[in-house]
Amino acid sequence: MSNTGAMIALYPPPSVAEALAVPGGEPVDHLHLTLLFLGDAESLTLRQAEQLRAICEAVATAYAPVEARIGGVGRFSVSPSSEDKEPYYASIDAPALPALREALVTAIKANGIPYSEEHGFVPHTTMKYLPPGT
């Protein structure tokens, strides 16, 4: 199955991504911090994709580069009966991040572009997916 999800994300510098990589985990070039998950990319119209590009450019221009620290590691749990794997992640502490994300959310809402509100915003980078209970 191919992944057709769309997101707005920050990617760490290569040296940081390499330091976060764990054996058997996510490939170094896939490590990221998701700011917003937009759902299935195929459900976005060309106009929405153009609006997203403009929004991201405007927000990126308005904010300084994000300085962050890795604050530790954690794991999101899934239902014991679930066959889904559990994300093992590095928690990210970046004081400027909530304001940057809120600027994105505000602009995306103003343009009527749907995004996932299924989970709260927990800044993290998933390093590996683990079977429940391991």
Order 47-58, 65-76 from most to least packed using the mean count of other Cβ atoms within 10 Å. 47-58, 65-76
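Just to confirm, what accessible area per residue do you get for the chain at 1.4 Å probe, in whole Å²?
Here the residues of the chain average 65 Å² of exposed surface.
Extension gain Ser15-Glu118, at 0.36 nm per residue separation less the Cα-Cα distance, in nm?
Values: separation 103, 0.36 × 103 = 37.08 nm, distance 3.15 nm.
Difference between extended and current length: 33.9 nm.
Order the peptides 33-45, 14-26 from the highest to the lowest mean number of other Cβ atoms within 10 Å of their residues. Show your work: numbers first, answer last.
On the way: 33-45: 15.2, 14-26: 13.5.
Ranking the peptides 33-45, 14-26 by packing returns 33-45, 14-26.
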For Leu130, other-chain or 5+-apart residues with amide H closer than 5 Å (H placed, Pro excluded) are Glu86, Tyr88
Residues listed by number, segment 11-44, amide nitrogen under 17 Å from Lys128 label point at 7 Å toward C-beta: 17-32
If one computes the Cα centroid of segment 73-127 and of segment 7-25, what distance in Å separates the two points? 16 Å
Theoretical ellipticity at 222 nm over the chain - DSSP helices of four or more residues, -39500 (n - 2.57) apiece, nearest 500: -9000 deg cm²/dmol
For segment 84-134, would you read off the P(r) tail past 15 Å as a percentage of all alpha carbon pairs? 62 percent
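Relative to the present Cα-Cα distance, how much length would full extension add between Ser77 and Leu46 at 0.36 nm per residue of separation?
Numbers: separation 31, 0.36 × 31 = 11.16 nm, distance 3.59 nm.
Here the segment from Ser77 to Leu46 would lengthen by 7.6 nm.
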Quick one: angle between helix 97-110 and the longest Cα principal axis of the chain, in degrees between 0 and 90, rounded to 10, please. 50 degrees
Report, in debye and to the nearest 20, how large the dipole of the chain comes out about its Cα centre when Lys and Arg carry +1 and Asp and Glu carry -1 on their Cβ. 180 debye
Taking amide hydrogens as modeled 1.01 Å from N in the peptide plane, which residues meet the under 5 Å criterion relative to Gly39, leaving out close sequence neighbours? Ala6, Ser116
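Taking all protein chains in place and a 1.4 Å probe, what share, in percent, of the accessible surface of the chain do carbon and sulfur account for? Spell out each step's value before the answer.
Numbers: 4830 of 8700 Å².
Carbon and sulfur together cover 55 percent of it.
Sorting check: for 91-98, 114-121, which peptide has the highest mean count of neighbouring beta carbons within 10 Å, and how do the rest follow?
Details: 91-98: 14.2, 114-121: 10.9.
Top of the packing list down: 91-98, 114-121.
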Rounded to the nearest 10 Å², what accessible area does Met7 show when all protein chains are kept and the probe is 1.4 Å? 80 Å²
³J(HN,Hα) computed for each position of segment 38-45 - Karplus, 6.51 cos²θ - 1.76 cosθ + 1.60, integer Hz, glycine/proline x: 9, x, 6, 4, 5, 8, 7, 7
Give me the Debye-computed log₁₀ of I(q)/I(0) at q = 0.13, 0.21 Å⁻¹ for the chain, equal point scatterers on Cα only, no solvent, two decimals. -0.63, -1.40
List, in order, the whole-Hz ³J(HN,Hα) value for each residue of segment 51-61 obtained from phi through the Karplus relation with A = 6.51, B = -1.76, C = 1.60 and θ = phi - 60°; use x for Gly and Pro. 5, 4, 4, 5, 4, 4, 5, 5, 5, 4, 5
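The values are calculated or read from the model by the stated rules, or taken from the named source; none is laboratory data. Bear in mind the structure is a predicted one, so any value in this text is a computation, not a measurement. As a convention, Cβ positions derive from the backbone with ideal geometry for all residues, glycine included, and neighbour counts pool all protein chains shown. Ligands, DNA and RNA are excluded from the accessible area calculation, which covers all protein heavy atoms including side chains. Shrake-Rupley method; radii C 1.70, N 1.55, O 1.52, S 1.80 Å.
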